[in-house]
Amino acid sequence: MVMEMLYIYNNLKYIRKQLKLSQNAFAEKLNINVSNISRWENSKNGMSLDTAYNISEKLGVSLPDLVGKDLSTEELNFNKIINSINK
């Protein structure tokens, strides 16, 4: 099942840039193919609910927040995200 994502693609790009990671490094941290990261950031590919959930778990960001909020306008705890992504 592919979900219509409201904010997830922009949020992933925002988080990646805040962490100062390349697409390759971010994909490696998330255990995802780098081509998917590129497609998502350019809104050229859908994402399954399972994938979105797995990413949210790895980032330590709730799925509703990752999908439904513009995280660039929120106060994010990047130390928590860094700790989650480095597990």
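Every read-out reported here was derived from the displayed coordinates using simple, explicitly stated rules and does not represent laboratory data. The shown structure was predicted, so the numbers you read here are calculated from the model rather than taken from an experiment. Cβ placement follows ideal geometry from the backbone for every residue including glycine, while neighbour counts extend to all protein chains displayed.
Using each residue's phi in region 32-43, evaluate 6.51 cos²θ - 1.76 cosθ + 1.60 at θ = phi - 60° and report the 3J(HN,Hα) Karplus result to the nearest Hz, with x for Gly and Pro.
In residue order, the calculated couplings are 10, 5, 4, 5, 5, 4, 4, 5, 5, 5, 9, 6 Hz.
Are there GluC sites (Glu not before Pro) in the chain that DSSP marks as loop and that have at most 16 other Cβ atoms within 10 Å, and which are they? Walk me through the numbers on the way to the answer.
Values: sites: GLU4, GLU28, GLU41, GLU57, GLU74, GLU75; in loops: GLU4, GLU74, GLU75.
When the GluC sites (Glu not before Pro) of the chain are filtered for loop state and at most 16 Cβ neighbours within 10 Å, GLU4, GLU74, GLU75 remain.
Would you order ILE37, ILE55 from fewest to most other beta-carbon atoms within 10 Å of each residue's own beta-carbon?
Ascending number of Cβ neighbours within 10 Å: ILE55, ILE37.
Can you tell which of LEU30, LEU63, LEU19 shows the greatest fluctuation in a Gaussian network model of the chain with Cα springs below 10 Å?
Evaluated over the chain, the most mobile residue of the options is LEU19.
Quick one: check the C-alpha center-to-center distance for region 7-27 versus region 48-64, whole angstrom.
When both Cα centres are located, 14 Å separates them.
What does the extension gain come out to for ALA25 and SER38, with contour length at 0.36 nm per residue minus their alpha carbon separation? Could the numbers behind the result be given before it?
On the way: separation 13, 0.36 × 13 = 4.68 nm, distance 1.21 nm.
Result for the pair: 3.5 nm of gain on full extension.
When the Karplus curve 6.51 cos²θ - 1.76 cosθ + 1.60 is applied with θ = phi - 60°, which whole-Hz ³J(HN,Hα) does each residue of region 8-18 get, with x for Gly and Pro?
4, 5, 5, 5, 4, 5, 4, 4, 4, 5, 5
Using only helices, what value at 222 nm comes out for the chain when you add -39,500 (n - 2.57) per DSSP H run of length 4 or more and divide by the total residues, to the nearest 500 deg cm²/dmol?
Calculated mean residue ellipticity at 222 nm is -16500 deg cm²/dmol.
Over region 2-85, what is the relative contact order in percent, taking alpha-carbon pairs closer than 8 angstrom and at least six residues apart? Write down the numbers at each step before the final one.
Numbers: 77 pairs, mean separation 33.8, N = 84.
Averaging sequence separation for qualifying contacts and normalising by length gives 40 percent for region 2-85.
Tell me which trypsin sites (Lys or Arg not before Pro) from region 40-80 have a DSSP coil assignment and no more than 13 other beta carbons within 10 Å of their own.
Passing both the DSSP loop test and the Cβ count: LYS44.
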